[in-house]
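**Student:** First the structure, which I've put down as structure tokens, then a few questions once you've had a look.
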Amino acid sequence: MHNRDAVFLEDLCPKLRDRCWRQSIHNFTNKKCIYCGNKSESIDHIIPCSKGGLSITENCVPACLSCNGTKTDNEVFSWYRQQIFYDPRRAMAIRAWLDGDLRLAIRLLQWAEPKNIKMEKALHKSQKINFDFKTAA
Ligand SMILES: [Zn+2]
């Protein structure tokens, strides 16, 4: 009984820790893809595992499925430069993230996306109201 409990805890804890860690990575960017700014739905290894990239915060960024899927094993900066949503400020943020300077990375991302989220939501709401008004009229 005791032994089985120990195995169970060993099984459970790394998973829980992993989930919290992934969540914290998404929270750093407010659940947005570091590359394009869309909703982050996955964790991308900046340096792919296949090229020796580690599963540590410095090498793991929030990414949408589209970016994660197209980047695959490409070198991050050469891939990123070819994207239509390329933003040099985001490229700097990725570099800072890779260097372990998350504070700088987050500041650069905020600079790349200065729009206030609340204002953006309010704007969408008002546009919707206008739209509803037009269809009603
Ligand atoms: Zn993306």
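Where a number appears in this text, it was derived from the coordinates with a stated rule and is not lab data. Only a predicted model underlies this, so the values are computations on that prediction, with no experimental measurement involved. Please note: Cβ atoms are built from the backbone with ideal geometry, for glycine as well, and neighbour counts cover all protein chains shown.
**Student:** If you stretched the chain out fully between Ile56 and Asp18, how much longer would it get, using 0.36 nm times the residue separation minus the C-alpha to C-alpha distance?
**Tutor:** Separation in residues times 0.36 nm, less the Cα-Cα distance, equals 12.6 nm.
**Student:** Residue by residue through the range 54-66, which ³J(HN,Hα) values in whole Hz follow from phi under the Karplus form 6.51 cos²θ - 1.76 cosθ + 1.60 (θ = phi - 60°), with glycine and proline marked x?
**Tutor:** Here the 3J(HN,Hα) series is 9, 8, 10, 3, 4, 10, 10, 10, x, 9, 6, 5, 5 Hz.
**Student:** Taking K and R as +1 and D and E as -1, what net charge do the other residues with C-beta under 11 Å from the C-beta of Ala105 add up to?
**Tutor:** For residues surrounding Ala105, the net value is +2.
**Student:** Another question, if that's okay. Once you list every other residue whose beta carbon is under 13 Å from the beta carbon of Ser42, what net charge do they have if Lys and Arg are +1 and Asp and Glu are -1? Working shown, then result.
**Tutor:** Numbers: positive: Arg22, Lys31, Lys32, Lys39, Lys71; negative: Glu41, Asp44.
Around Ser42, the surrounding residues sum to +3.
**Student:** If you don't mind, there's one more thing I want to ask. Out of the range 43-115, which trypsin sites (Lys or Arg not before Pro) are coil in DSSP terms and have no more than 16 other C-beta atoms within 10 Å?
**Tutor:** Passing both the DSSP loop test and the Cβ count: Lys115.
**Student:** On to the next question. When Lys and Arg each count +1 and Asp and Glu each count -1, what net charge do the other residues less than 10 Å away from Glu58, Cβ to Cβ, add up to?
**Tutor:** -2
**Student:** Taking the range 40-102, which chymotrypsin sites (Phe, Trp or Tyr not before Pro) meet the DSSP loop condition and have no more than 16 other C-beta atoms within 10 Å?
**Tutor:** For chymotrypsin sites (Phe, Trp or Tyr not before Pro) across the range 40-102 that sit outside H, G, I, E and B with at most 16 neighbouring Cβ atoms in 10 Å, the list reads Phe85, Tyr86.
**Student:** Which of the GluC sites (Glu not before Pro) found in the range 10-86 are loop residues per DSSP with 15 or fewer other Cβ atoms within 10 Å of their Cβ?
**Tutor:** Counting only loop positions with at most 15 other Cβ atoms within 10 Å, the GluC sites (Glu not before Pro) in the range 10-86 are Glu41, Glu75.
**Student:** Search the structure for amide H atoms under 5 Å from the amide H of Asn38, placed 1.01 Å from N in the peptide plane, and list their residues when 5 or more places away or on another chain.
**Tutor:** When sequence neighbours closer than 5 places are left aside, the close amide H contacts are Cys33.
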